[in-house]
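Written out below as structure tokens is the structure these notes cover.
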Amino acid sequence: MRILKYIFLLFILVTIGLTVFIATQPANYQAKAEMVIPVNRVTLFNYLNNYRNWESWNFISEGDAQTKLNFPGNTVGKLGYMTFSGNKNGWIQTTDLVKNQEINFKISQNGEITFGSFTLRDTLGKTKIICKRTGSLTFSDKFDATFSGGPKALVNNQLLVSLEQLSKFLKAELGVYKTEVLPAVSLKPLFFVGKKIRCKQGDLNPELLRWIPFLQEFFVKNQLRKAGQPMAIYKSAPNAAVVELTIAIPTPEEVFLSPESDIFSGSFVPYRALPVKLTGDYSHRTAAIRKARTTMKEKFLTERGGIEILEIFQQNSFEQKRPSKWVTFLYMPIQGSVAQRPAAAATAPTLTQEQLRAEEERQAAEN
């Protein structure tokens, strides 16, 4: 009995000693990890610049299945942010960035503030990513650091694991795509509510990711009805150096908005089109257009100039986390007549059987 008492007292003394030892260890750290990732620098920057993509790798959760990421507002660019909850609670926000080169951010986690950055450098068609974190460890993190070589070594290892997850995901998802040219169709007139954008080609996808959620929220706030998936109406070529377009959501009828608003209502002029289906990340849009034009030459079809090109995001990044599963339809204008109908008689393009099945599956999943 006395031996058990001594063992218990020894355990108490060791516990107290270990607690004091851990508490007195330095908490501040400056950590760094780097890796070469097999995607180009612009694609990697656009991916990191949208917090919705961070669900695909464990930079915040670090393998903790109980940590849930939330996206209550703008997730793209400077001041873009997300929150997280569960075993870890807090937020992360972009404080500054240099386009296609660097992203700086601040993290609040369980009351502790840390700072981090991603720096991107070209490396023979791939991208070297350098990730840095500075901050202070909590007591539980200091406990882990005691047995992991110290605070810097602990965070370095966490960063390296996150970058490995990022590289593995991007290699599997962004490099995989499929293009398929479908039979020619006649598009119908439709109404829409949208936002006009003019941007450089490299900013196109971030602008889409910024304004589609804004329009969706606009529809909810103003109790507007949707007649289909988000879309882009290109005044210039989608792969031009400078792109002019309208990011829009179709409506079943004409909507009247204030003339002072940046959001406007309009109607789409129908045309004869050769649809091309892109399954994969939006960065492969140029490949889809190239395949459509090759098919035009093979089938002796003539591309029609001066016509706004329609793009529909059938299965998009807001519904599907995996870029390899995104489905986009581009409607390339071709010569040919279109039967004129009253605009109110239809609200969406004429779809192929495959597109109709995809729409029915999407609506069934929502219900």
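In nm, to one decimal, how far is the Arg198 label point from the Gln30 one, both placed 7 Å along Cα→Cβ?
A separation of 4.5 nm, rounded to one decimal place.
May I ask you to order 258-264, 46-52, 303-309 by the average number of other C-beta atoms within 10 Å around their residues, highest value first? Walk me through the intermediate numbers first.
Values: 258-264: 10.1, 46-52: 21.3, 303-309: 13.6.
With the highest mean Cβ count within 10 Å placed first, the list reads 46-52, 303-309, 258-264.
Within the set Lys78/Lys200; Lys106/Lys195; Lys221/Lys325, which residue pairs have Cα atoms separated by over 21 Å?
Lys106/Lys195; Lys221/Lys325
Compute the whole-percent fraction of alpha carbon pairs in the range 207-260 spaced more than 14 Å apart. Before the final figure, lay out the partial values.
On the way: 868 of 1431 pairs.
Beyond 14 Å sits 61 percent of the P(r) for the range 207-260.
Provide the net charge surrounding Val243, with neighbours chosen by a C-beta distance below 15 Å and charges set as Lys +1, Arg +1, Asp -1, Glu -1. Numbers along the way, then the final one.
Numbers: positive: Lys195, Lys196, Arg198, Lys200, Arg210, Lys235, Arg285; negative: Asp203, Glu207, Glu244, Glu308, Glu311.
Result for the neighbourhood of Val243: +2.
Can you pull out the trypsin sites (Lys or Arg not before Pro) in the range 192-236 whose DSSP state is coil and whose Cβ has at most 12 other Cβ atoms within 10 Å?
Details: sites: Lys195, Lys196, Arg198, Lys200, Arg210, Lys221, Arg225, Lys226, Lys235; in loops: Arg225, Lys226, Lys235.
Loop-located and lightly packed - Arg225.
What is the spin-label model distance, in nm, from Glu164 to Lys88 if the labels are put 7 Å beyond Cα along the C-beta direction?
With each label point 7 Å from Cα toward Cβ, the separation is 1.7 nm.
In nm, give the distance between the simple-model label positions of Arg225 and Lys325, each being 7 Å from the Cα along the Cα-to-Cβ direction.
Using points 7 Å along Cα→Cβ, the separation is 3.0 nm.
Quote the FRET efficiency, to the nearest 0.05, computed for Arg293 versus Asp262 with a Förster distance R0 of 41 Å and r equal to the Cβ-Cβ distance. Display every interim value, and only then the final one.
Working: r = 34 Å, r/R0 = 0.82.
For R0 = 41 Å, the calculated efficiency reads 0.75.
Looking at this model, which pairs from Lys88/Lys171; Lys277/Lys299; Lys178/Lys235 are more than 21 angstrom apart at the alpha-carbon? Don't skip to the end; give the middle numbers.
Numbers: Lys88/Lys171 28 Å; Lys277/Lys299 18 Å; Lys178/Lys235 25 Å.
Too far apart for the 21 Å limit: Lys88/Lys171; Lys178/Lys235.
Across the range 289-296, in residue order, what do the Karplus-derived ³J(HN,Hα) couplings come to in whole Hz, using 6.51 cos²θ - 1.76 cosθ + 1.60 with θ = phi - 60° and x for Gly and Pro?
For the range 289-296, the Karplus-derived couplings read 5, 4, 5, 4, 5, 5, 5, 4 Hz, x marking Gly and Pro.
How far, in nm, would the chain grow between Val242 and Lys178 when pulled straight, counting 0.36 nm per residue and subtracting the alpha carbon separation?
Numbers: separation 64, 0.36 × 64 = 23.04 nm, distance 2.55 nm.
Extra length from Val242 to Lys178 when fully extended: 20.5 nm.
Just so you know, all these numbers are worked out from the coordinates, no wet-lab data involved. In this text, all values refer to a predicted model and were calculated from it rather than measured experimentally. Note that each Cβ is placed from the backbone with ideal geometry, even for glycine, and that neighbours are counted across all protein chains shown.
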